1. Can you give the average number of partner chain beta-carbon atoms within 10 Å of each beta-carbon in peptide B:28-36, as a whole number?
2. If you count, for every residue in B:17-27, the Cβ atoms of partner chains within 10 Å of its Cβ, what is the mean?
3. Considering only A:I94, B:F80, A:P317, whose Cα is most displaced toward the positive end of the charge dipole of the protein assembly as shown, charges sitting on Cβ of Lys, Arg (+1) and Asp, Glu (-1)?
4. Highest mean first, how do A:107-115, B:72-80 rank when packing is the count of other Cβ atoms within 10 Å averaged over residues?
5. Once you list every other residue whose beta carbon is under 13 Å from the beta carbon of B:V56, what net charge do they have if Lys and Arg are +1 and Asp and Glu are -1?
6. Where in chain A are the DSSP H helices whose alpha-carbon span along the long axis reaches 24 Å or more and whose Kyte-Doolittle mean is at least -1.0?
7. Would you be so kind as to identify which of A:A63, A:S85, A:H50 lies farthest towards the positive end of the dipole of segment A:22-95, taking Lys and Arg as +1 and Asp and Glu as -1 on Cβ and the Cα centre as origin?
8. Explain nothing, just compute: Karplus ³J(HN,Hα) = 6.51 cos²θ - 1.76 cosθ + 1.60, θ = phi - 60°, for every residue of segment A:165-174 in order, whole Hz, x for Gly and Pro.
Amino acid sequence: MTFKYNNVYINEVSTITGPYEAKGPLFKYFDKSYKDFYFDMKNFEEAESHILKESVDLVLKKANKKTNDIDLFISGDLLNQITASSFAAKDLKIPYLGIFNACASSVEGLIIASNMIESKQINNCICSVSSHNNAAEKQFRYPVEYGGPKPKTTTFTTTGGVSAYLSSEKSSIKVESSTIGVVQDKGIKDAYQMGAVMAPAMADTLIRHLKDTNRTVDYYDLILSGDLGKYGKDILKEYVKKVYDINLNNYDDTACMIYDIDKQPVYSGGSGPACAPLVTYSYIFDLMKKGKLKKVLLVATGALHSSTSVNEKRTIPSIAHAISLEAII
Amino acid sequence: MYIFLLFFHNKNGDNMDTKEYQKLVKKYTPKENRLFNGIIAFTIGGLVGVIGEFLVEFYASILEISTKDAGTFMIITLIFIGCLLTCFGFFDKWVNFAKAGLFIPITGFAHSMMSAALDYKKEGLVTGLGANMLKLAGSVIIFGVVSAYVFGMLRLLLFGGTI
């Protein structure tokens, strides 16, 4: 399912990160970074909610708006029952839609907002996502201080709160079109192989988008996948080549961009709902505003498992949503 | 050619079955360096053993107690050190490096309980800490007791409990 937009723009964005992202190569593009994981809160879950709320406050400030000016707040995260988002929404007093598509939540939010803005149901919207490394470790893996050994294919959940303010007012980033993905399952059961789980979803959504818009991969200056990681990126490239005979040259993966994979202890790269928008809203938007990139396709990928489903040895389904962004200078 | 391939895609929907895909995934899955990990675990695990042996000798001579009693003192000391290092916040990095060298000895048992306790203490004493402290170590205790029972029974039935 692909939608085209004529009047949707991303006006302002805010990016707040944790300590590992601040030590990564993109540190200077972020609005703010914390040095610890608590951000003066009592626990990791509260900290995640705090960073999300702070990113919303920041984007409101940048857009020079107050909470009553905003028609809709869409947010998602990884915590059970998306509490980080809902608890942030509690303080914001903006009509709220909580969404979950794991690490594809960011683009899912942008698609919902863009459709509603395009059809003039709303004038503006704030789309947020968050993830917190320690809160995710605690929920999906081992206790934080355990440090149990993990395979090299593991991805490292990013810590961050990211928000975007969208409206029909013109700005330098236009939302051009979007594609809603179909859930894929290629029989992978290993929760430490997220790249392999999500690569087929990424490929499927990419092909659907290209088919619906009648484009080739060369149409875009850059195609970004959400968080496949170092090995997932290779799997995707070969998969797309084998199944669709397409060479992905103008392609990169945000999981590989947010950290210095060789020097930081992040295994095969970043993950989490915040990973894709943290890279896109900071570094990629900067390149777009400077005129170095014009057309960018962001395909956020999500693994739709829970720790229970993994323990029950069920295969992991995945989803990917695509959004096409254009620089207007 | 591109159009043709899209047609191909449409026709089959998806033309790589799960087996073939798993082969592709396997090709890009990096191998773990088992020999290196084994040597590290052996060396560090051995070092922990040496420290333990030193403690046994130390307690036996300074407190003038039997080696058996000194062994208990040694275990208590190592558990204490393991828990303390976990709380200092850097033991996870050591475990991540030394792997089985640190999580197989009694230090790992203490560390697994303490790290779970640190995570869950914020969810309350009973519903958090008490309920989750044995999250990782629970399996070790349960299956440790079960296997002790099985081997104890075998020992009794086969050898009359003599060896």
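1. Mean shielding count: 4.
2. Working: counts 2, 6, 2, 3, 10, 4, 0, 9, 15, 1, 4.
So the per-residue partner count for this stretch is 5.
3. Farthest towards the positive pole: A:P317.
4. With the highest mean Cβ count within 10 Å placed first, the list reads A:107-115, B:72-80.
5. With Lys, Arg at +1 and Asp, Glu at -1, the net is -2.
6. Values: long enough: A:44-63 (29 Å, -0.17); A:194-213 (28 Å, 0.36).
Taking the DSSP H segments of chain A (at least 24 Å long, mean hydropathy at least -1.0), we get A:44-63, A:194-213.
7. So the residue furthest toward the plus end is A:A63.
8. Per residue, the Karplus-derived 3J(HN,Hα) values read 9, 10, 7, 8, 6, 4, 8, 6, 10, 9 Hz.
We did not get these values from a lab; they are worked out from the coordinates using the rules stated. Just so we're clear, the structure is a prediction, and the values are computed from it rather than from any experiment. Here Cβ is always computed from backbone atoms with ideal geometry, including for glycine, and neighbour counts include all displayed protein chains.
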